[in-house]
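The structure appears right after this line, and notes come after that.
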Amino acid sequence: MATDPNCIFCKIIEGKIPSKKVYEDDELFAFHDIAPWAPVHFMVVPKRHIASMAQLEAGDAALMGRLMTLAPKLALEQGCRPYPEGGFRVVVNTGTEGGQEVHHLHVHVMGGPRPWLKG
Ligand code: 5GP
Ligand code: ZN
């Protein structure tokens, strides 16, 4: 598994930095955002270090498909109400102009009763 020793999310996945874990399997990891925007706010990440969505290749389609189908299940488990009254927002910041601060591909999942702190 490719990891970057300087990457904060790789350290979280390896357990070297503590996090509130939501889910883990052999290729995906999910944990609560340390600065939540919404009552529910967690991130789903590939365990393999991929810097951003811009680095995805054709061979990553199955991985990202699994990630995107996992997200709604975790959203419900974490307290988002069901669609259509409830739901959630998915955000993938990519690159500096895309607002990305941590350069390990992560999918934000946000939901819960409004108002939210942001968004
Ligand atoms: P970005 O702006 O790159 O899309 O989002 C990075 C997110 O990672 C931010 O929402 C920030 O709150 C979160 N974050 C940064 N450092 C940590 C950390 O050490 N632990 C956790 N759980 N979240 C973090
Ligand atoms: Zn990483």
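A short reminder: the numbers here are calculations on the coordinates, not readings from a lab. Since this is a predicted model, take the numbers as computed values, not measurements. For neighbour counting, all protein chains shown are included, and Cβ atoms are generated from backbone atoms with ideal geometry for every residue, glycine included.
Annotation: the residues His106, His41, His32, His49, sorted from fewest to most other C-beta atoms within 10 Å of their own C-beta, follow the order His32, His49, His41, His106. Taking trypsin sites (Lys or Arg not before Pro) across the stretch 1-100, the ones in a DSSP loop with at most 13 further Cβ atoms lying within 10 angstrom of their Cβ are Lys16, Lys20. By the rule of a second cysteine Cβ within less than 4.7 angstrom, the chain holds isolated cysteines at Cys80. Annotation: the residues Arg114, Arg81, sorted from fewest to most other C-beta atoms within 10 Å of their own C-beta, follow the order Arg114, Arg81. Between 0 and 90 degrees, rounded to the nearest ten: what's the tilt of helix 61-77 against the longest Cα principal axis of the chain? The two axes meet at around 30 degrees. Ranked for footprinting exposure by Cβ neighbours inside 10 Å, fewest first, Ile13, Ile34 give Ile34, Ile13.
Compute a Gaussian network model of the chain, connecting alpha carbons closer than 10 Å, and tell me which residue from Pro39, Pro82, Pro72 fluctuates the most. Its mean-square fluctuation being the largest, the pick is Pro82.
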